[in-house]
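A short write-up of the structure that comes next.
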Amino acid sequence: MNILVVGGAGYIGSHMNRLLDRHGHKVIVLDNLSTGFASAVKVGELVVGEMADRQLVEQLLGDHKIDAVMHFAACALVGESVAEPAKYYHNNVVAAISLLESMRRTNVKKIVFSSTCATYGIPETVPISEAETQAPVNPYGFTKLVIERALTDYAHAYDFGFAALRYFNAAGASTDNQIGEDHNPESHLIPIVLQVALGQREYISIYGDDWPTPDKTCIRDYIHVDDLSAAHLAALERIKLGEGIKVNLGTERGYSVREVIAACREVTGCDIKEVVGPRRPGDPPELVANASKAREVLGWVPEYREIKPIVETAWNWHRSHPTGYNKNTKE
Ligand code: UDP
């Protein structure tokens with residue numbers, strides 16, 4: 001298939017490109033490089049531009065005879081979404097709807113959409129299944145839920161086919177060390193802890209140790225980025241027009257912030273200093289997936305089930321790329 005990977009210069013999209021390429025698909029990446037890196041695009045053609053640019057997107061969809069779109073181009077930071085909701089409503093809703101409209105006008109009707117466990121808010125039941133009520137507690141989760149709903153309506157009215165994949169916490173890097181996580185500024189737990197190990201930061205600040213969890217720190221389900229990509233590929237192959245697939249992608253194992261820091265100490269052999277700070281607004285205490293639907297519907301099982309091997313891949317990347325991708329040039 002010919003696939004337009006929107007946001008393909010970013011963390012998850014760049015891993016996706018390579019898997020698509022390995023499976024014989026043609027990859028066209030559209031990215032505005034606001035947070036992505038040209039040097040993260042190892043396969044396919046990179047077009048630098050906005051997904052809200054209707055003329056550009058419609059031209060790409062038509063010229064490349066695109067069969068399906070994968071949409072990774074979103075803002076995805078819980079804390080930032082609380083502080084700057086306008087940015088989230090603009091990028092994650094307005095620009096995403098524009099992308100859907102470009103697809104509708106060019107008759108490209110298949111899309112794999114990056115959704116999130118943040119659409120559940122504070123779940124009543126953990127592990128979280130897809131039957132859980134979606135009641136987001138931050139703008140990030142809400143903007144993703146809006147697009148899930150739009151896709152449902154587009155499938156019904158316009159015969160779109162979609163997969164909305166509700167990621168838990170993406171982590172790790174490619175095993176060949178070619179691509180990995182690089183955010184500026186970095187806000188995610190594992191990269192920050194590894195930056196402490198590298199001597200780039202003095203300490204890791206734990207966002208609250210008064211949560212209702214066994215060690216009083218937040219629990220998350222960390223899923224390797226290559227496992228996420230594999231799930232996207234499986235979803236792509238199963239999309240049917242007029243229907244939507246909505247599934248959780250997680251390992252079904254939760255790790256607390258303290259357990260993640262302990263795994264990082266073990267992997268790096270470094271004494272990583274921690275300091276307890278205040279809670280971060282918008283954080284739910286515990287998010288762990290029930291991924292049985294992904295097993296059934298996608299035939300997908302994650303290869304990485306434990307935090308340590310995930311951290312090992314991240315550590316290999318960070319230690320060999322201590323300043324990330326460095327500059328926006330294709331290597
Ligand atoms: N976290 C933390 N210190 C940090 C960054 C994150 O304690 O410097 C916690 C955060 O509160 C959450 C978990 O680590 O419970 C994972 O946060 P991250 O930002 O990596 O992902 P999110 O869960 O927000 O998608």
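Per-structure values
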{"item": "Answer residue from the range 123-144, given it is polar (S, T, N, Q) and closer than 21 Å to Thr213 by Cα and is modelled with the highest pLDDT among those", "result": "Ser129"}
{"item": "Any hit, the range 59-79, residues being part of a helix (DSSP H, G or I), closer than 22 Å to Ala171 by Cβ, in contact (Cβ under 8 Å) with a residue 40 or more places away in the chain and within 16 Å of the ligand (Cβ to nearest atom)", "result": "yes"}
{"item": "Which numbered condition His318 fails, given (1) more than 24 Å from Phe162 (Cβ to Cβ); (2) surrounded by fewer than 20 Cβ atoms within 10 Å (Cβ to Cβ)", "result": "(2)"}
{"item": "Positions within the range 253-303 being more than 9 Å from the ligand (Cβ to nearest atom) and small (Gly, Ala, Ser), in sequence order", "result": "Gly254, Ala262, Ala263, Gly269, Ala289, Ala291, Ser292, Ala294, Gly299"}
{"item": "Residue, surrounded by the most Cβ atoms within 10 Å (Cβ to Cβ), within the range 252-282, restricted to residues that are outside any loop (DSSP other than H, G, I, E, B) and out of contact with any strand residue (DSSP E or B) (no Cβ under 8 Å at 6 or more places or on another chain)", "result": "Cys264"}
{"item": "Condition met for Ser205 (polar (S, T, N, Q) and in contact with a Leu (Cβ under 8 Å, 6 or more places away or on another chain))", "result": "no"}
{"item": "Residue tally, condition away from the ligand (no atom under 15 Å from the Cβ), surrounded by fewer than 22 Cβ atoms within 10 Å (Cβ to Cβ), outside any strand (DSSP E or B) and touching a residue at least 40 places away in the same chain (Cβ under 8 Å), over the range 159-197", "result": "5"}
{"item": "Residue in the range 143-153 that is without any contact (Cβ under 8 Å) to a residue 12 or more places away in the chain, more than 23 Å from Met1 (Cβ to Cβ), away from the ligand (no atom under 13 Å from the Cβ) and in a helix (DSSP H, G or I) present", "result": "yes"}
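Table: residues versus (1) over 21 Å from Pro322 (Cα atoms); (2) more than 10 Å from the ligand (Cβ to nearest atom); (3) more than 14 Å from the chain's Cα centre (by Cα); (4) not aliphatic (A, V, I, L, M).
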position: Ile219; (1), (2), (3), (4): yes, no, yes, no
position: Ala230; (1), (2), (3), (4): yes, yes, no, no
position: Leu233; (1), (2), (3), (4): yes, yes, yes, no
position: Leu236; (1), (2), (3), (4): yes, yes, yes, no
position: Lys240; (1), (2), (3), (4): yes, yes, yes, yes
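The values are calculated or read from the model by the stated rules, or taken from the named source; none is laboratory data. Just so it is clear, the structure is predicted and the values come from calculations on it, not from any experiment. Cβ sites come from the backbone with ideal geometry, for glycine too, and all protein chains shown count toward neighbours.
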